[in-house]
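To start, the structure itself, in structure tokens.
Since every read-out is calculated from the coordinates, none of them should be taken as a lab result. Worth saying up front: this structure is predicted, and the values here are computed from it rather than measured. Heads up, the Cβs are rebuilt from the backbone with ideal geometry, glycines too, and the neighbour counts pull from every protein chain shown.
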Amino acid sequence: MFQLNYRDTRPFYEQIKDNLRQLMVTHSIAENEKLPSVRELASSLTINPHTIQKAYRELEDEGYVYTIPGKGTFAASGNDTPLRCRKEMLEHFDHLVTELLFLSVSAAELKERIQKISERRNSP
């Protein structure tokens with residue numbers, strides 16, 4: 001699925017969250033697809049199951065996954081992402097765009113980059 005970067009200064013649970021988010025956003029993990037169990041992922045990454053549990057719990061709080069007791073943890077659909085999370089991301093996006101424009105990155109270049117990301121996301 002993915003590997004942890006032992007040279008990364010971020011905690012493992014944050015790396016796990018980022019990797020899983022990336023896999024979900026790029027549709028490598030489909031909506032409503034079951035994620036590996038806490039024990040399975042901990043075993044494959046050779047880390048403590050509590051680390052996986054923390055990552056899953058935070059992803060659930062952020063609306064990226066949902067848990068069905070006794071069944072497992074699943075990737076949420078894009079429509080299930082809480083409005084608060086979307087709003088925060090858009091505010092962050094606005095800040096980044098403002099900074100990039102200040103650094104003389106053209107609006108055309110920004111539009112082109114967004115289009116490329118959208119095309120990659122929509123390609124099989």
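Tell me which chymotrypsin sites (Phe, Trp or Tyr not before Pro) from the stretch 1-67 have a DSSP coil assignment and no more than 14 other beta carbons within 10 Å of their own.
Taking the stretch 1-67 and a limit of 14 other Cβ atoms within 10 Å, the loop chymotrypsin sites (Phe, Trp or Tyr not before Pro) found are Tyr6.
Can you tell which of His50, His27, His95 shows the greatest fluctuation in a Gaussian network model of the chain with Cα springs below 10 Å?
Most flexible of the set in this elastic network: His95.
Which one, Ile114, Met1, Asn19, projects farthest toward the positive side of the charge dipole computed for the chain from Cβ point charges (K/R +1, D/E -1)?
Looking along the dipole axis, the top candidate is Met1.
Using the Cα centre of the chain as the reference point, and only Cβ charges (+1 on K/R, -1 on D/E), how large is the resulting charge dipole? Debye, rounded to the nearest 20.
280
Which of the GluC sites (Glu not before Pro) found in the stretch 1-104 are in a DSSP loop and have at most 14 neighbouring Cβ atoms, other than their own, within 10 Å?
The qualifying sites are Glu31, Glu33.
Please label the shape of the stretch 83-122 as rounded, prolate or oblate, based on the square roots a ≥ b ≥ c of the eigenvalues of the alpha-carbon gyration tensor (a/c under 1.5 means rounded; beyond that, a/b larger than b/c means prolate, else oblate).
Oblate shape, in that a/c is at least 1.5 and b/c is the bigger or equal ratio.
Pairs of lysines 8 or more apart, or on different chains, with alpha carbons under 24 Å: count those in the chain, would you?
For the chain, the number of qualifying lysine pairs is 10.
7 Å from Cα along Cα→Cβ at both Arg121 and Thr46: what's the point-to-point distance in nm?
That separation, rounded to one decimal, is 3.6 nm.
Of Arg21, Arg86, Arg57, which has the largest mean-square fluctuation in a 10 Å C-alpha GNM of the chain?
Comparing Arg21, Arg86, Arg57 in the GNM, the peak value goes to Arg86.
Could you check the spin-label model distance between Leu100 and Lys87? Points 7 Å from the Cα along Cα→Cβ, value in nm.
Each label point lies 7 Å from its Cα, and together they span 2.4 nm.
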